[in-house]
Amino acid sequence: MKQFIKKLYYGDIPDAGSGTTPSNDQQPRTDWPLWEVFIRSKQGLDHKHVGSLHASDAQMAIENARDVYTRRQEGVSIWVVESKHLTASNPAEAGELFEPAADKVYRHPTFYNLPDQVNYM
Amino acid sequence: MSSHNLEEQFQQKIDQDIKIEPKDWMPDAYRKTNTRQISQHAHSEVVGMLPEGNWISRAPSLKRKAILIAKIQDEGGHGLYLYAAAETLGQSREQMINDLHSGKAKYSSIFNYPALTWADMGAIGWLVDGAAIMNQVMLTRTSYGPYARAMVRICKEESFHQRQGFESLLVLSKGSEEQRALCQDAINRWWWPALMMFGPRDQESTNSDMSLKWRIKRKTNDELRQQFVDMIAEQIKVLGMTLPDPALQWNATRNHYDFGEINWDEFWQVVKGNGPCNKERLEARKKAWEKGAWVREAAQAYANKKNTGTKAA
Ligand SMILES: [Fe+2]
Ligand SMILES: [Fe+2]
């Protein structure tokens, strides 16, 4: 695809040549492993994915996550998992994967018309 | 599926405001533009810590010192959110850091100006963070999911940055003759560079304006700049100070403030590396990186040792 962005926006600082290399040309990598961070914002709620960070081990990942994601008391519990251990569904196959649920309207309470007297059911 | 079809579907998603996620198909140029913009944005947050970092040890009170440290720590966090977002596009952290240090990647030119007095801490918070916020609020609606989510997080933290800056100037504006002079001087020096943060004028762009079509950006440079001028021109009245622009004037027909022409020569000079502090900033970044090398290596060695230890046990 031969489209180049010529417009120079704030945050996109003009300089011919920068950012034009393909994204996969680097290596060997010496970065610390990448971790995904999940935070429970308060007791009783699920842990929720908030972002990722690099750390040499799990303990450091938790400490870094505390410093980066909970500086304003956003959490009471942290999970970290090394990103390479996550398996994700393929967005290109989302159609087939979720198709079985598409024609089952009877799984929803609104499918059933009940008389007014019992409609709070 | 042909790539033409994929591109059409991609554009349909964009037009319906459906976010693009890391594993979704995307045009190569969309990936590159986002990688470039997000990593430059990350660099700006990180280099942006330097002008303010110089003042931590000279803050006039413990309270101001704590505030300044908290703000600078936030900026480091913003850098991290953004680097992580750029990494989802396939760019490694190490590569980004290398590109910054080699001078290949850019960061916002505003940080190539020196912070000369304590009043600059206030002016930076109010004007520089203020200008950044205009852009970042828009970017919470950008089409690339991880970038948009990082921006939501960042915007939540930014508002304190601008408020503490304004409050700090407000104190100076009510102070002694000397303090008032410091306040005005800082505003005079930061005003024009802050306006330059929005980038070149719209008319300088070519019509291959894909950033808007792909909804990476949702407003033009000039729109954002005008919004900023309108906001600051009102707020400065509260300070009882003036903006260093004789052409600044309310225009009732446009319902906006008119303002003078930016010195574009200066703008391009600083972009090209000839600003007052370009060299110093990059040197400081490289020095910090090199001096931290032993920490990174030690942590890695410790992790490796622990791993082999558990395996052996
Ligand atoms: Fe920031
Ligand atoms: Fe900020």
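Summary table
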item	result
Yes/no for residue A:106 being in a loop (DSSP other than H, G, I, E, B), without any contact (Cβ under 8 Å) to a residue 40 or more places away in the chain and of a type in the set (Phe, Trp, Tyr)	no
Out of B:154, B:187, sole residue that is within 15 Å of ligand 1 (Cβ to nearest atom) and either open to solvent by less than 10 Å² (accessible area, probe 1.4 Å) or not in a helix (DSSP H, G or I) (or both)	B:154
Check on residue B:90, free of Cβ contacts under 8 Å to residues at least 60 places away in the same chain and within 16 Å of ligand 1 (Cβ to nearest atom)	no
Subset of the stretch B:94-113 that is in a helix (DSSP H, G or I) and closer than 24 Å to residue B:20 by Cβ - its residue that is farthest from the other protein chains (Cβ to nearest Cβ)	B:96
Any hit, the stretch B:228-238, residues being over 25 Å from the mean Cα position of the chain (by Cα) and among the small types (Gly, Ala, Ser)	no
Residue B:16 being of a type in the set (S, T, N, Q) and more than 10 Å from chain A (Cβ to nearest Cβ)	yes
Complete set of residues in the stretch B:43-89 that are more than 23 Å from residue B:136 (Cα to Cα) and either within 13 Å of another protein chain (Cβ to nearest Cβ) or open to solvent by 40 Å² or more (accessible area, probe 1.4 Å) (or both)	B:54, B:56, B:57, B:58, B:60, B:61, B:62, B:63, B:65, B:66
Unmet criterion (only one of (1) within 21 Å of residue A:50 (Cα to Cα); (2) within 11 Å of ligand 1 (Cβ to nearest atom)) for residue B:144	(2)
Test: residue in the stretch B:114-132 that is at the interface with chain A (Cβ under 9 Å from one of its Cβ atoms), within 24 Å of residue B:169 (Cα to Cα) and either touching a Lys or Arg at 6+ places or on another chain (Cβ under 6 Å) or modelled with pLDDT of 95 or more (or both)	yes
All positions within the stretch A:65-86 that are within 12 Å of another protein chain (Cβ to nearest Cβ) and part of a loop (DSSP other than H, G, I, E, B)	A:70, A:71, A:72, A:74, A:86
Cβ-Cβ under 8 Å pairs, at least 6 apart or on other chains, the stretch B:155-179 side farther than 17 Å from residue B:77 by Cα and in contact (Cβ under 8 Å) with a residue 40 or more places away in the chain, far side open to solvent by less than 70 Å² (accessible area, probe 1.4 Å) and within 12 Å of ligand 1 (Cβ to nearest atom)	B:164/B:71; B:164/B:125; B:165/B:124; B:165/B:125; B:165/B:129; B:165/B:130; B:166/B:125; B:168/B:125
Check on residue B:265, among the charged types (D, E, K, R), under 20 Å from residue B:194 (Cβ atoms) and in contact with a strand residue (DSSP E or B) (Cβ under 7 Å, 6 or more places away or on another chain)	no
Helices (runs of 4 or more DSSP H) completely within the stretch B:262-313 that count 3 or more residues being facing chain A (nearest Cβ under 10 Å), open to solvent by less than 70 Å² (accessible area, probe 1.4 Å) and of a type outside the set (Phe, Trp, Tyr)	B:293-312
Complete set of residues in the stretch B:157-179 that are within 16 Å of ligand 1 (Cβ to nearest atom), open to solvent by 30 Å² or more (accessible area, probe 1.4 Å) and of a type outside the set (Phe, Trp, Tyr)	B:159, B:162, B:163
So residue B:210, is it in contact (Cβ under 8 Å) with a residue 40 or more places away in the chain and closer than 30 Å to residue B:15 by Cα	yes
Residue satisfying all of: in the stretch A:50-64; more than 8 Å from chain B (Cβ to nearest Cβ) and not aliphatic (A, V, I, L, M); surrounded by the most Cβ atoms within 10 Å (Cβ to Cβ) among these	A:64
Residue that is open to solvent by 40 Å² or more (accessible area, probe 1.4 Å), touching a residue at least 60 places away in the same chain (Cβ under 8 Å), more than 16 Å from ligand 1 (Cβ to nearest atom) and in contact with a Ser or Thr (Cβ under 9 Å, 6 or more places away or on another chain), where the choices are B:32, B:104, B:19	B:19
Looking only at the stretch B:112-142, and only at residues there that are open to solvent by 10 Å² or more (accessible area, probe 1.4 Å) and of a type in the set (Ser, Thr, Tyr), the one that is farthest from ligand 2 (Cβ to nearest atom)	B:117
Check on residue B:67, touching a residue at least 40 places away in the same chain (Cβ under 8 Å), hydrophobic (A, V, I, L, M, F, W, C) and out of contact with any strand residue (DSSP E or B) (no Cβ under 9 Å at 6 or more places or on another chain)	yes
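The values are calculated or read from the model by the stated rules, or taken from the named source; none is laboratory data. Note that this is a predicted model, so its numbers are computed, not measured. All Cβ positions, glycine included, derive from the backbone under ideal geometry; neighbour counts span all protein chains shown. Just so you know, the surface numbers come from the protein's heavy atoms only, side chains and all, with ligands and any DNA or RNA stripped out. Shrake-Rupley method; radii C 1.70, N 1.55, O 1.52, S 1.80 Å.
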